[in-house]
Ligand SMILES: C[S@@+](CC[C@H](N)C(=O)[O-])C[C@H]1O[C@@H](n2cnc3c(N)ncnc32)[C@H](O)[C@@H]1O
Ligand SMILES: [Zn+2]
């Protein structure tokens, strides 16, 4: 038996910063787990490899890695973050060519007067770093179009109408709620250019600027026509979980392309076309595609400014949602592309210093030779791995309804799709549950359990006996926790003796507004499971059905709930740990002896019980 001693989680190194992914775990925790539970040349499997932490850290530690993810974005990122070799001269040249091309596309259309230069004879013009824009809405009271700008905002979801005659005007002390108003496009408010890192120039939007933007769009469209580029129209599905909270269709965001202003959409399309046409090696082209894809996070309409955040500069898309602010930014693509290039360069240079090799192959069997990596853009159920083939499984499974990975990653789909192996990801197999349960194709906790079970069954089959499956998990939703544990026990695993650890998160990521407001714990529980025949089940003869299980779980919970409420923050995780260690054998007995292959109604029943109270329902996990 091994022992894991929780360590101080460290912030992301450059490979984890090349592209956005969701809910990344601290790299050194995974590195430590790999070191503790496996040896060099061991075969390690991660059935949910996501942002690549297990794969990358395993390669660094000379393990042989098998990674699966149903999400094409995950594999695209992992494939790039592990890169060690590149043609530096060619990449730099290609990058310069992109910047030159962008400079042509921007021309003089995106500059403002340098106020500092006003005393000079020839006032200089500086380039605009971002434009502030706001959505327009038709007031549901006076039917006039009004601006949903910060200046007209009273509080979230409430705005003044600009029409002085309207009952919702500032003077009349009324208000409108944008959710009741039809959207009517957007408008430019003002432009900002930076002289230095801190000082900036503002320019209010004027008739002259309006004309300049129109001319610019005309100019860009002429290029689009010359290049014979078709403007894509990829519809955002209406039966998506994220539609319910993010209200995309209601806000007039019908296509993925609507997540960009017209101008940024056209420039991005031209830039991508330029990259595709470059006469460079496949490797350089792929790196540029990653850089381009990474820059899209900054140049869409989810960017916004907030006084006091990022020194007043645009904040990039960071929520686990398509959260569209009413006043937003159109960010200049040149610096965004430059920053994405710098992030990728840092990763390449970082990896070049490390002493690992990549020998990627296409089947697990080939790992028996001198190879060390297989990556699949699919679920493990689509591939057969031999029995007792894998030495260790280390993973971070999806956490219930916390992150809708495929829906959120689809943001990149229209831009990257021809690079993906799995052109149409199978949403039905994604192991998640939905937050809103009332739409066609919505998944509940039972679906989450079933999809997890399908994966863990294959994991159990392919793992060597007496070896471990280790996973990190932290969810406040007891239902999601139960679903995960049931699926794992059903697959045959047992919890290793005292195989539960609490690992704190990265300090710097702790105090974000998001975690603070919710008072949520940060960090993860680490569960160490084992494939063993020698485990003797504790017996609970009083548990013969769902109700009796729930009753038993309740007893344990109530006992700890009081303690939890009255305890100091620092002791809370210990109380949960003790509670979980008491619940696990009960649940294991129930799944293996009572449930077997049968069905249950736990998710419908537990809601009326105390189980949910301990944390008070599900919560978003912090973006890291
Ligand atoms: C929590 S993330 C992993 C994050 C990762 N450990 C990291 O630190 O970046 C879970 C991943 O599971 C993937 N996933 C969900 N259902 C899946 C399935 N049935 N098969 C394979 N991957 C799946 C999601 O696409 C997501 O990338
Ligand atoms: Zn009005």
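General observations
- For the chain, the longest principal axis of the Cα atoms and the long axis of helix 88-106 meet at an angle of about 40 degrees.
- In the chain, the calculated helix contribution to ellipticity at 222 nm averages -11000 deg cm²/dmol per residue, counting -39,500 (n - 2.57) for every DSSP H run with n ≥ 4.
- Measuring max minus min along each principal axis, the C-alpha atoms of segment 184-248 give extents of 44, 37, 27 Å (largest first).
- Within the chain, antiparallel bridges make up roughly 70 percent of the DSSP beta bridges whose residues both belong there.
- For the chain, the longest principal axis of the C-alpha atoms and the axis of helix 207-226 are separated by about 70°.
- Segment residue 170..residue 558, full-extension length gain: 134.6 nm, with 0.36 nm per residue of separation and the alpha-carbon distance subtracted.
- Per-pair calculated FRET efficiency, R0 = 25 Å: residue 424 and residue 227 via Cβ, rounded to 0.05: 0.35
- Cα-based convex hull volume of the chain per residue, rounded to whole Å³: 179 Å³
- Take 556-563, 64-71 and order them by the average number of nearby Cβ atoms within 10 Å per residue, most first; the result is 64-71, 556-563.
- In terms of overall dimensions, the C-alpha atoms belonging to segment 51-195 reach 71, 53, 22 Å along their principal axes, ordered largest to smallest.
- For segment 529-555 versus segment 472-502, the gap between their alpha-carbon centres in whole angstrom: 13 Å
- Estimated distance in nm for a label pair at residue 360 and residue 442, the labels positioned 7 Å out from Cα along Cα-to-Cβ: 3.9 nm
- Extending 7 Å from the Cα toward the beta-carbon at both residue 100 and residue 582 defines two label points whose distance is 7.2 nm.
- Folded to 0 to 90 degrees: helix 546-566 orientation relative to the chain principal axis, Cα: 60 degrees
- Based on the reciprocal of the average 1/r between different C-alpha atoms, the Kirkwood radius for segment 230-315 equals 15.1 Å.
- Fraction of beta bridges assigned by DSSP in segment 29-178 that are antiparallel (%, nearest 5): 65 percent
Every read-out reported here was derived from the displayed coordinates using simple, explicitly stated rules and does not represent laboratory data. Quick caveat: nothing in here was measured; it's all calculated off a predicted structure. Backbone-built Cβ (ideal geometry, glycine too); neighbour counts: all protein chains shown.
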